[in-house]
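Every read-out reported here was derived from the displayed coordinates using simple, explicitly stated rules and does not represent laboratory data. On a predicted model such as this, the values are computed, not experimentally measured, just so you know. Neighbour counts are summed over all protein chains in view; Cβ atoms, including those assigned to glycine, are modelled from backbone coordinates with ideal geometry.
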Amino acid sequence: MSERGRPADGTFPARSRDKIRHMKNLFDIEGKVALVTGGSSGIGLMIARGYVEAGAKVYISSRKKDVCDAVAAELSKSGTCLAIPADLSIEAETVRLAQEIAEREPGGLHILVNNAGANWGAPLADYPEAAWDKVLALNVKAVFHLTRALVDSLAKTATATDPARVINIGSIDGLQTPSMETYAYSASKAAVHHLTRALAKKLAPRKITVNAVAPGPFESKMMAATMDQFREFILADSPMKRIGEPEDMAGIAIYLASRAGSYVTGAVIPVDGGMSTTR
């Protein structure tokens, strides 16, 4: 035996080997069941792809059935992905989606990612009532309604050391004043951040964590027009001088869904290269 308690042959004691195996599995989500709303494009697709490739069974949901089915088929080349189309701006549709998940997964759901969202930009003088109705219905109300509808399914999989997870997708526009006139969107994302804290407190006794991710600029359908017009400005304004990559979003989502993130709840985590945190 060496002076540090390591055998002279250079091997690690069994207890140390167990710890190493545990650390290697710290970010493992293989075998977990996840639902990602808005999972057919943008940030939702980044997360869904990351989960599928990490070995989770992933359901994606979006309004357009043909798109949802096509994306699920593509992701299934790397693992297991299934589509359940739904218009989550309608409460009855959130209930239907939750019921279908419960029927397909009687053992329960491990991970819910509330990502489906809408944006609307217009000058202050012209900002329409319809913008508030559309954006708040999908970005805030749907998060509440779907989470509530799936609490029992999430609780079935939850344990003290590996709770079920709810991950809400907010935005850095809910943390800082946006540069564009997206009044309903930025207000809705600030609401999502605070709703996350309220749900985290309520659901902690049921061993369900609730956290929010606040993305900065990523390549997505929602950001396409902004990127086309302001890419150079965004790059110049970013402390890390780059746009977010799909792996950046998949990484935070896997962390929050894995054993590594099991003691984190009620947090709002910016993933923006420092744009909202270093000014």
In segment 72-112, what trypsin sites (Lys or Arg not before Pro) fall in a loop by DSSP, with at most 16 other Cβ atoms inside 10 Å? 77
Put a dot 7 Å past each Cα toward the Cβ at residue 279 and residue 159; how far apart are the dots in nm? 4.4 nm
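Is it possible to state the helix-based mean residue ellipticity at 222 nm for the chain, with each DSSP H run of 4+ residues giving -39500 (n - 2.57), the sum divided by total residues, to the nearest 500 deg cm²/dmol? What is it? Before the final figure, lay out each step's value.
Values: 9 runs with 119 residues, N = 279.
Only helices count here, giving -13500 deg cm²/dmol.
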If I model a spin label as a point 7 Å beyond the Cα along the Cα-Cβ vector, how far apart are those points for residue 204 and residue 130 in nm? 4.3 nm
Non-local residues with an amide H under 5 Å from the amide H of residue 268, with H modelled 1.01 Å from N and Pro and chain starts lacking one, are 212
Sorted largest first, extent of the chain alpha carbons per principal axis (Å): 78, 48, 38
Any idea which of 34, 172, 124 is furthest toward the positive side of the dipole for segment 24-271, if Lys and Arg beta-carbons carry +1 and Asp and Glu beta-carbons -1? 34
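Checking understanding here: applying a Kyte-Doolittle mean of at least -1.0 and a length along the axis of at least 24 Å (C-alpha), which whole DSSP H helices in the chain pass?
Working: long enough: 183-203 (30 Å, -0.05).
Sorted by number, the helices that extend far enough and score high enough are 183-203.
Just list whichever of 57/201; 32/64; 24/156; 141/202 have alpha carbons separated by over 20 Å in the model shown.
Values: 57/201 28 Å; 32/64 26 Å; 24/156 26 Å; 141/202 17 Å.
From the list (57/201; 32/64; 24/156; 141/202), the Cα-Cα distance tops 20 Å for 57/201; 32/64; 24/156.
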Relative contact order of the chain (C-alpha contacts under 8 Å, at least 6 apart) in percent is 19 percent
Residue 232 to residue 194: extension gain in nm, 0.36 nm per residue of separation minus the Cα-Cα distance? 10.5 nm
Which residues qualify? For residue 81, with a placed amide H closer than 5 Å and at least 5 residues away or on another chain, they are 58, 76
What is the distance in Å between the Cα centroid of segment 234-264 and that of segment 165-207? 16 Å
